[in-house]
Amino acid sequence: MALDDDIERILFSEDQISQRVSDLASQITHDFTTNAVSSSPPVFVGVATGAFLFLADLVRKIKLPLNVDFVRAESYGSGTVSNGAPRISFDLKIDIQGKHVILVEDIVDTGNTLSCLIALLKSKGVSSVSVCTLLDKRRKVNFELVGKGKYYYGFECPDYFVVGYGLDFAESYRNLPYVGILKPEMYK
């Protein structure tokens, strides 16, 4: 595949991702089954567009009733560094008042986007907010979960610009089945 030539090295293989997604799904299923977090199904809110593959794989492995919706947030544009001011389009179709929401992200980089999204969800009257992210990078902003929310993450990500498995550079590379480091000459 020509896209593979643009990758310096693979950080997390397709098999590693699959296994970790299964582990996260098992943990979430366990937490919601044994801790009776909520009487209504949790609402998984994917942060588009980067989380779409992760969200699809995750919810297919969750063994309990759930709802799915999306919110769009972007802080990179066509660059490689978060601009620190996420732009959020919030038009959930599902009424989330009094519900437990699990925000599903591709990567937590600075924490700015999650902080803004959590504040927005809180203003909509959710009972709790958890976060499930594939990659946890180098947070600069601490965010507070709501209610009995938990933080789930797949992998700690070193400080490289990564693409694949939904993560992009200028809308490319999302379809790679792994997460890899993009060669610097591809974005300089």
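Every read-out reported here was derived from the displayed coordinates using simple, explicitly stated rules and does not represent laboratory data. Fair warning: this is a prediction, and the values are worked out from it, not measured in the lab. Here the Cβ is made from the backbone with ideal geometry for all residues, glycine too, and neighbour counts use every protein chain on show.
Rounding to the nearest 10 and keeping the result within 0 to 90°, find how far the Cα-based axis of helix 52-61 lies from the longest principal axis of the chain.
Between the helix axis and the principal axis of the chain, the angle is about 50 degrees.
Hey, what angle do you get for helix 112-123 against the long axis of the chain, alpha-carbon based, 0 to 90 degrees rounded to 10?
20 degrees
Which angle between 0 and 90 degrees, to the nearest 10, do you get for helix 14-34 versus the longest principal axis of the chain when only C-alpha atoms count?
Rounded to the nearest ten degrees, it is 10.
What's the FRET efficiency of residue 151 with residue 93 using the Cβ-Cβ distance as r and R₀ = 25 Å, to the nearest 0.05?
0.45
Please give every one of the lysines within straight-line cross-link reach of residue 183, meaning a C-alpha to C-alpha distance under 24 Å, and leave out same-chain neighbours fewer than 8 residues apart.
137
GNM on the chain, C-alpha springs below 10 Å: top fluctuator among 55, 66, 11?
66
Loop sites only, by DSSP: take the GluC sites (Glu not before Pro) in the chain that have at most 11 other C-beta atoms within 10 Å and name the longest stretch containing none of them. List each step's numbers first, then the result.
Working: sites that count: 144, 171.
Value returned for the longest uninterrupted segment is 1-143.
Hand me the chymotrypsin sites (Phe, Trp or Tyr not before Pro) from region 142-188 located in a DSSP loop with no more than 16 other Cβ atoms within 10 Å, in residue order please.
160, 187
Given the pairs 99/150; 122/148; 124/150; 63/93; 99/148, which are separated by over 21 angstrom at their Cα positions? Could you put the intermediate results ahead of the total?
Working: 99/150 14 Å; 122/148 13 Å; 124/150 19 Å; 63/93 23 Å; 99/148 12 Å.
The answer is 63/93.
Taking only DSSP H segments of four or more residues, each worth -39500 (n - 2.57), what value at 222 nm results for the chain once the sum is divided by all its residues, to the nearest 500 deg cm²/dmol?
Theoretical 222 nm ellipticity from helices: -7500 deg cm²/dmol.
Given labels modelled 7 Å from the Cα in the Cβ direction, how far is it in nm from residue 63 to residue 33?
Each label point lies 7 Å from its Cα, and together they span 0.4 nm.
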